[in-house]
Amino acid sequence: MHHTQLIISKVIDANDVAILTRYGITERDLPTEGDRQVFRFVTSYADKNRGQAPSYAEVTAQCPDFNYTPMVSDSYEYLAREIKKHSAKVQFAELVNGKLGEQFENVGQKDIFKLFDWLQSEVESIKLRTDVRNKIGTDIKADGDKFLAEYDRRKSGESFKTWPSKFSSVGDYVSGNMYVVYGKSGRGKSVITLEEVIEMAMNGANVLIWAMEMPWFEVLVRIYVSVSARKGLTTLNVDGIDLTGGFDASDIRKGKLSDEFDTAFRFFIETINDEIAGNITVRGVDDPDFGNRTIRQLETDILQTKADVVMVDPFYYLHYEKNTSKTTGGDAAATSEKLRHLAGRTQTVMFAITQADETAETESDDGSREIELPKRKDVSKTKQLMQDASVLIAVDTDYKQGRGLVGVNKGRDGGEGDFTEIIYIPQVGIVREPETGVEAVRQFNF
């Protein structure tokens, strides 16, 4: 292949060996041992001589296979692209004729999809190694038109979307970002996040829920109860205050709604489209086709459902990425980074739910548990989640007291330390801020 000889000749004439590095050309990309010898000599010479290129006469003397061509007019980009194109073909042929055969011989019937994941990963690696980029990043001086075009798309609502939170302390959610919701075990993390994604669906978002520890039926029960509560289909009296709520989750789970409520519930299900402007797709832990929980599979589901909003519950039940860093917790950290990148690449609002470290609890004067938001440092499973989160949302609730707190412990646009006091009776879908002001709050001992 003569393109290697041409680009080396052009490098010698221009005295610019750094071009080879700029276009990512390595020994692996070169088709013959003679080409690789020329490459090694030229780069080694430059390393020892402050980046200077050797003369064509010296290269010819040291490398018998080198054929110098003066005044090459083809561009560096064209020559590099041709070299990389050929390299991609060679690497793919090596994959198909070598490692793929070995992997296929050892794969069992149940592991065929793991083989597909491995093959896709290998192909993506080849694409990354052989891609030629003629431009890096965005130039603040040269790319003003690019910036203004994106600004105008955002102005018209085409480039990214925002979705309002149900809780005043959180603010708006912006597409392309990852939001981490955390709290101690059994303190309402899933309920609070589900309330947020339902709110978004009712505002027109397509929502994808990966419920990796909850059956699909249970998730749908919670959704139907929450939506019915927003319609105010029932009334509940708590401490002398009438609160509008929804169907009773326990009765639905057991299939024991009264005849009157059974009829109303069936009608509610039939007319749910009138209530939810967007859509919600649920993958539950008991779905028979939900064995693959990799980031790659999540991306496939996002594309298939055209999701605007994704709820990963919980993060630590994902199939983690390989721990290439060889550090403790590196697999979880790598998965967090991939999830953050996925949010940006798919322009989705990504919710990742995780636990908070268990800490000592205190009691109020009346003997009830003190409701207290976990600290920023209490994010469990991997601290990388804290780094990757656009906003870190802390949760603590107590259904026995009928109240809870939702707060922000990290926010790129501020808001750290802000929190919202809520009424928390999820059994009938009441998860909201008090509607009647300070006096109602006092009734709940906030």
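The values are calculated or read from the model by the stated rules, or taken from the named source; none is laboratory data. The shown structure was predicted, so the numbers you read here are calculated from the model rather than taken from an experiment. With ideal geometry, Cβ positions are generated from the backbone for all residues, glycine too; neighbour counts draw on all protein chains shown. In case anyone asks, the SASA skips ligands and DNA or RNA and just uses the protein heavy atoms, side chains included. Shrake-Rupley method; radii C 1.70, N 1.55, O 1.52, S 1.80 Å.
Can you pull out every residue in segment 15-32 that is open to solvent by less than 60 Å² (accessible area, probe 1.4 Å) and part of a helix (DSSP H, G or I)? Within segment 15-32, 19, 20, 29 meet the criteria. Which pairs do you get when a residue that is farther than 28 Å from residue 410 by Cβ, found in segment 148-170, comes within reach of a residue that is at pLDDT 75 or above, reach meaning Cβ atoms under 9 angstrom, with the pair 6+ apart or on two chains? Pairs that qualify, where the first residue is farther than 28 Å from residue 410 by Cβ and the partner is at pLDDT 75 or above, are 158/152. Within segment 59-70, being under 18 Å from residue 16 (Cβ atoms) and open to solvent by 70 Å² or more (accessible area, probe 1.4 Å) holds for one residue alone: 70. Please work out which one of (1) on the phi < 0 side of the Ramachandran plot; (2) open to solvent by 20 Å² or more (accessible area, probe 1.4 Å) is the condition residue 51 fails and give its number. Among (1) on the phi < 0 side of the Ramachandran plot; (2) open to solvent by 20 Å² or more (accessible area, probe 1.4 Å), the lone unmet condition for residue 51 is (1). Pairs linking a residue in segment 365-389 that is under 16 Å from residue 329 (Cα atoms) and open to solvent by 100 Å² or more (accessible area, probe 1.4 Å) to a residue that is among the hydrophobic types (A, V, I, L, M, F, W, C) and at pLDDT 85 or above, with Cβ atoms under 8 Å and 6 or more positions apart or on different chains, are 381/315; 381/332. A count restricted to segment 39-83 and to residues that are part of a helix (DSSP H, G or I) and free of Cβ contacts under 8 Å to residues at least 40 places away in the same chain stands at 16.
Number of residues in segment 368-382 that are among the hydrophobic types (A, V, I, L, M, F, W, C) and out of contact with any strand residue (DSSP E or B) (no Cβ under 7 Å at 6 or more places or on another chain) equals 0.
The residue list 30, 20, 6, 95 contains one member that is of a type outside the set (S, T, N, Q) and touching a Leu at 6+ places or on another chain (Cβ under 7 Å), which is 6.
Would you mind stating whether residue 33 is acidic (Asp, Glu) and more than 44 Å from the chain's Cα centre (by Cα)?
Values: acidic (Asp, Glu): yes; more than 44 Å from the chain's Cα centre (by Cα): no.
No: the conditions fail for residue 33.
The C-beta contact set for segment 266-278 (first residue touching a residue at least 12 places away in the same chain (Cβ under 8 Å) and open to solvent by less than 30 Å² (accessible area, probe 1.4 Å), second residue among the aliphatic types (A, V, I, L, M) and in a loop (DSSP other than H, G, I, E, B), distance under 7 angstrom, 6+ apart or interchain) comprises 278/205. Scanning segment 71-86 for residues that are under 26 Å from residue 128 (Cα atoms), open to solvent by less than 30 Å² (accessible area, probe 1.4 Å) and either modelled with pLDDT of 95 or more or of a type outside the set (D, E, K, R) (or both) yields a total of 3.
Filtering 227, 207 for residues that are closer than 20 Å to residue 278 by Cα, part of a helix (DSSP H, G or I) and hydrophobic (A, V, I, L, M, F, W, C) leaves a single hit, 227. Would you call residue 341 open to solvent by 40 Å² or more (accessible area, probe 1.4 Å) and free of Cβ contacts under 8 Å to residues at least 12 places away in the same chain? When the stated conditions are applied, residue 341 passes them.
Say whether the condition of being under 30 Å from residue 225 (Cα atoms) and part of a loop (DSSP other than H, G, I, E, B) is met by at least one residue in segment 319-338. No, segment 319-338 contains no residue that is under 30 Å from residue 225 (Cα atoms) and part of a loop (DSSP other than H, G, I, E, B). Is it fair to say residue 204 is out of contact with any helix residue (DSSP H, G or I) (no Cβ under 8 Å at 6 or more places or on another chain), over 26 Å from residue 404 (Cα atoms) and in contact (Cβ under 8 Å) with a residue 12 or more places away in the chain? The answer is yes for residue 204.
Kindly indicate the residue of segment 255-272 that is part of a helix (DSSP H, G or I) and farther than 15 Å from residue 220 by Cβ and also nearest to the chain's Cα centre (by Cα) among those meeting that condition. Here the answer is 267.
Okay, residues lined up against (1) open to solvent by 70 Å² or more (accessible area, probe 1.4 Å); (2) at pLDDT 90 or above; (3) farther than 30 Å from residue 410 by Cβ:
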{"position": "190", "(1), (2), (3)": "no, yes, no"}
{"position": "194", "(1), (2), (3)": "no, yes, no"}
{"position": "205", "(1), (2), (3)": "no, yes, no"}
{"position": "208", "(1), (2), (3)": "no, yes, no"}
{"position": "223", "(1), (2), (3)": "no, yes, no"}
{"position": "241", "(1), (2), (3)": "no, no, yes"}
{"position": "251", "(1), (2), (3)": "no, yes, yes"}
{"position": "263", "(1), (2), (3)": "yes, yes, yes"}
{"position": "288", "(1), (2), (3)": "yes, no, yes"}
